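Contents: one structure, followed by commentary.
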Amino acid sequence: MENLIEVTDLVVEYDDRRVLDAISFGVKANEMVGLIGPNGAGKTTLLMALRKLIKFDGSISYNGISEADIGIVFQNPDIQLFMPTVFDDVAFGPMNQGLNASEVQRRVEEALARVGLSGFERRQPHHLSEGEKKKVAIATVLSMKPSVYLLDEPTTGLDPLSRFEIGKIICDIKGTVIVASHDLDLVAGLVDRVIVLNGGKIVADGYVDEILADKELLVRNRLLPPDDIKSLCRSSR
Amino acid sequence: MKHHFIDRYSGLNSLIHRQNTKLKLLIAIGFIVFVISLPRIDIQDFVLFQIFLLVLILLSKVPVMHFVKNYLVLLPFILLAGLSTLLSVPRTAYRPILNGTGLHSFLALLARSTLSVETIILLVSTTRFDDILKALRDFRVPSLLVSILSFIYRYIFLIVDEFLRTRIAAVTRSNGRFGPRTWAQMASNILLRSIERGEMIYISMKARGFHGEVKTLREEVFGAKEWFIMAAFAATIWLLWKI
């Protein structure tokens, strides 16, 4: 099967710093891919490049879809939610897609129901909890029904239950999903394929169980500490 | 951090809250224009209008103290603006002096400003800001202007939040030396972060199909009832003025 998205020799530079260095990979339709790597590995930049939101060299080609079919949820929900109410924010994408009022209404209701926030339409984003903001942020893209979802760190800063709930929401997404995260448990629960990114390069690309079992690889790429965090220093001070 | 600045009471349910946003906006603007453009406003007019506003405030269930507090915040600006009229220079004098004309126009300015400010506070305390934005859009206010207002409303909380956090961080490390230099650095820090955030927000808007115009759904209709209320309101104000 031909890849839905094909990335070849992708290079992104900020000023003189090379953030992505000759990256090549492909993603198939309806595939769910985990993108893991330490802070500063280039995960966010890669997602933005995949949606062609930033300048890049090399090639990114879509097969049968366009940029408009790719939805992206940013890590910081305060960037994703810029309208005065939850309704306006979730309706923003569908309105720009030129849908009629009743369809927009339906899409908003459906998207909010899928993230478990029905009835939040009139709420203001700045008065939501962090978990609620993250869920609304996902709803703003769900309402557009894209073919591809790019999710940047969907669970950072959340309490364990919210983290689990977000995981469930992602499971229910129909379509191609790329989740960037350093939440290895989440990735293990969601995807079959994992791409490890570090220093702007792809370090590994393969089956999730194999990659997550390779402790040496994870430690080398700052995804696992060299010792168990539970044996830090308690009772020894 | 939770804070409410503009529309703390806009979620209440009262006779005033329930009215059509466009109606409230038109009445508020109309009343302010009327008060400002009156050829003269004497103490009797002021008291009557003030009583009328007080009735509306009581009907709105918004605590009177909320008005007092917000008014006091704005008072220095009003006084500053009034200073020039107070010290008006008659053609015959060489330097600014206090005189009857100056005092009279100062009091008139104070009266007009007080009524206008109260009206604005009443409007934003009884109407959700997003509804006001929607009404402005319906009134064909340029969409760029409405979008700017919308972003100010959405992000003022974040900027204040960021400011409060930065201030706490600075105070805890300042060891009692929290001078103008620190303030300046804090301000520049917040400015830079705002610019960065602004760029990211624009990217996030583009990612959801933004092409320069913010579109929203419209719901409220301006019907016969609203026209009637507006006429009744105008007549009441006119009568109060004529008494």
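Amide H contacts for A:Ala204 (H built 1.01 Å from N in the peptide plane; partners 5 or more residues away or on another chain; cut-off under 5 Å): A:Val196. Could you tell me the calculated FRET efficiency between A:Asp192 and A:Glu2, based on Cβ-Cβ distance and R0 = 25 angstrom, to the nearest 0.05? With R0 = 25 Å, the Cβ-Cβ based efficiency is 0.85. For the pair B:Leu144 and A:Glu103, a Förster radius of 30 Å applied to the C-beta separation gives a FRET efficiency near 0.65, rounded to the nearest 0.05.
Measuring from centroid to centroid over Cα atoms, what is the spacing of the stretch A:191-214 and the stretch B:175-216 in Å? If you average the Cα positions of each part, the centres end up 35 Å apart. All C-alpha pair distances within the stretch B:141-207, sorted into 5 Å bins from zero, spread as 3, 14, 19, 22, 15, 11, 8, 5, 2, 1 percent across the bins. Descending by average beta-carbon neighbour count within 10 Å, the peptides A:226-232, B:117-123, A:5-11, A:156-162 line up as B:117-123, A:5-11, A:156-162, A:226-232, the highest first. Tell me the net charge near A:Asn198. Cut-off is 14 Å between Cβ atoms, A:Asn198 excluded, with +1 for each Lys or Arg and -1 for each Asp or Glu. In short, +1.
Distance from the Cα centroid of the stretch A:72-93 to that of the stretch A:160-178 is 18 Å (rounded to whole angstrom).
Would you mind checking the pairs A:Lys55/A:Lys201; B:Lys22/B:Lys69; A:Lys52/A:Lys201 and listing those with alpha carbons more than 22 angstrom apart? From the list (A:Lys55/A:Lys201; B:Lys22/B:Lys69; A:Lys52/A:Lys201), the Cα-Cα distance tops 22 Å for B:Lys22/B:Lys69. Of all DSSP-defined beta bridges confined to the protein assembly as shown, some 50% are antiparallel rather than parallel.
Per residue, the convex hull spanned by the Cα atoms of the protein assembly as shown amounts to 221 cubic angstrom.
Checking the Cα-Cα distances for B:Lys24/B:Lys215; A:Lys43/A:Lys215; B:Lys24/B:Lys134; A:Lys133/B:Lys134; A:Lys168/A:Lys215 against a 19 Å cut-off, the pairs over it are B:Lys24/B:Lys215; A:Lys43/A:Lys215; A:Lys133/B:Lys134; A:Lys168/A:Lys215. Normalised by the number of residues in chain B, the average gap of Cα pairs under 8 Å and 6 or more apart makes the relative contact order 31 percent. Using bins of 5 Å that start at zero, the share of Cα-Cα pairs per bin across the stretch A:161-237 amounts to 3, 12, 22, 20, 16, 14, 7, 4, 2, 1, 0, in whole %.
If R0 is 22 Å, the Cβ-Cβ spacing of B:Leu72 and B:Val160 corresponds to a FRET efficiency of close to 0.70.
For chain B, adding -39500 (n - 2.57) for each run of n ≥ 4 DSSP H residues and dividing by the number of residues yields -25000 deg cm²/dmol at 222 nm.
Would you mind computing, in nm to one decimal, how far apart the modelled labels at A:Cys171 and A:Lys145 are, each placed 7 Å from Cα along Cα→Cβ? Going from the A:Cys171 label point to the A:Lys145 one covers 2.5 nm.
In the stretch B:18-162, if every C-alpha pair distance is counted and binned at 10 Å from zero, what percent goes to each bin? Final binned percentages: 10, 30, 33, 19, 8, 1.
What does the highest-first list of B:71-83, A:32-44 look like by mean Cβ count within 10 Å? Display every interim value, and only then the final one.
Working: B:71-83: 12.8, A:32-44: 21.2.
Answer by packing, highest mean first, reads A:32-44, B:71-83.
The H on the amide N of A:Gly58, modeled in the peptide plane, is under 5 Å from the matching H of A:Val11, each at least 5 residues off or on a different chain.
Assuming a ≥ b ≥ c are the square roots of the Cα gyration tensor eigenvalues, decide whether chain B counts as rounded (a/c under 1.5), prolate (otherwise, with a/b larger than b/c) or oblate. It would help to have the intermediate numbers written out before the result.
Numbers: a/c = 2.02, a/b = 1.19, b/c = 1.70.
Since a/c reaches 1.5 but b/c is at least a/b, the shape of chain B is classed as oblate.
Measuring how big the stretch A:77-148 is from its alpha-carbon positions, Rg and Dmax come out at 10.8, 31 Å. Computed 3J(HN,Hα) for the stretch B:109-121, one whole-Hz value per residue from the Karplus formula 6.51 cos²θ - 1.76 cosθ + 1.60 where θ = phi - 60°, is 5, 4, 5, 4, 5, 4, 5, 5, 4, 4, 4, 4, 4, glycine and proline marked x.
Provide a whole-number value for the mean count of partner chain Cβ atoms within 10 Å of the Cβ atoms in peptide A:122-132. List each step's numbers first, then the result.
Details: counts 4, 0, 10, 3, 11, 4, 0, 0, 0, 0, 0.
Per residue, the number of nearby Cβ atoms from other chains is 3 on average.
Peptide B:125-138 shows a mean partner chain C-beta count of 2 within 10 Å per residue C-beta.
Going by a ≥ b ≥ c, the root eigenvalues of the Cα gyration tensor, does chain A fall in the rounded group (a/c under 1.5), the prolate group (a/b larger than b/c) or the oblate group? Could the numbers behind the result be given before it?
On the way: a/c = 1.89, a/b = 1.26, b/c = 1.50.
Oblate, because a/c is 1.5 or more while a/b does not exceed b/c.
Can you give the relative contact order of chain A as a percent, counting alpha carbon pairs under 8 Å and 6+ residues apart?
Numbers: 417 pairs, mean separation 61.6, N = 237.
RCO, chain A: 26 percent.
The label point for A:Arg123 and the one for B:Leu192, both projected 7 Å from the Cα toward the Cβ, are 3.5 nm apart.
Read-outs: derived from the displayed coordinates by stated rules, not from any lab. Since the structure is predicted, the reported quantities are computational estimates derived from the model, not experimental observations. Because the Cβ atoms are built from the backbone with ideal geometry, glycine has one as well, and the counts that use them run over all protein chains shown.
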